[in-house]
Amino acid sequence: MWKNLRNRRISGKKFSRQFPIVYSSINGLHYFFVADFYCHEKKLVIEVDGIVHDFQEDYDRGRTYIINEMGIRVLRFSNQEVSENMSSVLKEIRNALE
């Protein structure tokens, strides 16, 4: 995935990988997430989920909710989608960037 996102290769947008996202809730709790890929200009997180995510769906939903509350959109793809259908994945990312 990184090879397709780096150096503004997709829609001319800059992506960072392993980007830290810190969220402080109104009740004083702090959350720290590391996004697989992040485009600051478009406030877009891209997550590539491996098999472990099959066992932590509630955690992922909560994390996505918090990130969305920060005004950041999250796109999730499975490892299988990325390895078997990269063209469709990239098309969806391009659509999200427009």
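The values are calculated or read from the model by the stated rules, or taken from the named source; none is laboratory data. What you see is a predicted model, and the numbers here were worked out from it, not measured in a lab. Here the Cβ is made from the backbone with ideal geometry for all residues, glycine too, and neighbour counts use every protein chain on show.
Some observations on this one:
- Considering (1) modelled with pLDDT of 95 or more; (2) surrounded by fewer than 16 Cβ atoms within 10 Å (Cβ to Cβ), the lone condition that Lys13 does not fulfil carries the number (2).
- Restricting the stretch 46-65 to residues that are among the aliphatic types (A, V, I, L, M) and surrounded by 16 or more Cβ atoms within 10 Å (Cβ to Cβ) leaves a set whose member that is modelled with the lowest pLDDT is Val48.
- Any hit, the stretch 72-90, residues being touching a residue at least 24 places away in the same chain (Cβ under 8 Å), in contact with a strand residue (DSSP E or B) (Cβ under 7 Å, 6 or more places away or on another chain), in a loop (DSSP other than H, G, I, E, B) and surrounded by 14 or more Cβ atoms within 10 Å (Cβ to Cβ): yes
- One residue from Ile21, Ile93 being surrounded by 10 or more Cβ atoms within 10 Å (Cβ to Cβ), of a type in the set (A, V, I, L, M, F, W, C) and assigned to a helix (DSSP H, G or I): Ile93
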